[in-house]
1. Could you give me the residue pairs with C-beta distances under 7 Å whose first residue belongs to segment 125-144 and is crowded, with 23+ Cβ neighbours inside 10 Å, whose second residue is in a loop (DSSP other than H, G, I, E, B) wherever it lies, and which are 6+ apart or on separate chains?
2. Suppose we filter segment 28-73 for residues that are assigned to a helix (DSSP H, G or I) and over 12 Å from the mean Cα position of the chain (by Cα); how many remain?
3. In segment 154-188, what residues are at pLDDT below 85, under 16 Å from the mean Cα position of the chain (by Cα) and surrounded by 13 or more Cβ atoms within 10 Å (Cβ to Cβ)?
4. Kindly evaluate residue 62 against the criterion of being closer than 21 Å to residue 127 by Cβ and either modelled with pLDDT of 85 or more or buried (at least 18 other Cβ atoms within 10 Å of the Cβ) (or both).
5. Any residue that is at pLDDT below 85, in contact with a helix residue (DSSP H, G or I) (Cβ under 7 Å, 6 or more places away or on another chain) and part of a helix (DSSP H, G or I) - is there at least one of those in segment 92-102?
6. Considering segment 41-59 alone, what residues qualify as being more than 21 Å from residue 179 (Cα to Cα) and either in contact with a helix residue (DSSP H, G or I) (Cβ under 7 Å, 6 or more places away or on another chain) or in contact (Cβ under 8 Å) with a residue 40 or more places away in the chain (or both)?
7. With the condition kept exactly as written, say whether any residue in segment 108-120 is at pLDDT below 85, within 16 Å of the chain's Cα centre (by Cα) and buried (at least 19 other Cβ atoms within 10 Å of the Cβ).
């Protein structure tokens, strides 16, 4: 990812580089691109962009990181309003069986964690795509969604990008930067697995209750 970004920067210059990174972050949730290619719209994109910024004096980490945060917020806003305006059929039309399984996991995740699901979902590849429209479909109050959206998107966007930057620019903090990045990625995996386990447990309980004689 970092090599591809370096080639992009060499071909187009800093401004178009910023716009490309921001556009991919926005499209990852607003246009559902993250469902099919999460590795170029999520954590690896941000970390790679941060690494490249740390090695190129033409780039500003703060311009990049703040722009990433704003793009993430705007992408989630589009997802939320599409869910609110178009309803559940909007997600039903989104693709095959594995996409619909992701939708069901996200619905359960939202039921379990509410406001926090919007924050945490930014760190989960399938969550950041599906949770915003589900929040809209579920009629979550806009200002509740907005505050959670800002906290999650800004912390995710700025944190991972800045970690990548320091991993490149300061050898003394490089090991710490890689450890923090690993913890963030591990936490996202744990949150996803926990949601899956809770969903399976809920389904099993519902099946047992349905099978009991009345």
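The values are calculated or read from the model by the stated rules, or taken from the named source; none is laboratory data. Bear in mind the structure is a predicted one, so any value in this text is a computation, not a measurement. Counting neighbours? That spans all protein chains shown, and the Cβs are built from the backbone with ideal geometry, glycine included.
1. So the pair list comes out as 128/122; 129/32.
2. 18
3. 181, 184, 185, 187, 188
4. Judged against the criteria, residue 62 is not a match.
5. yes
6. Matches in segment 41-59: 41, 56, 58, 59.
7. yes
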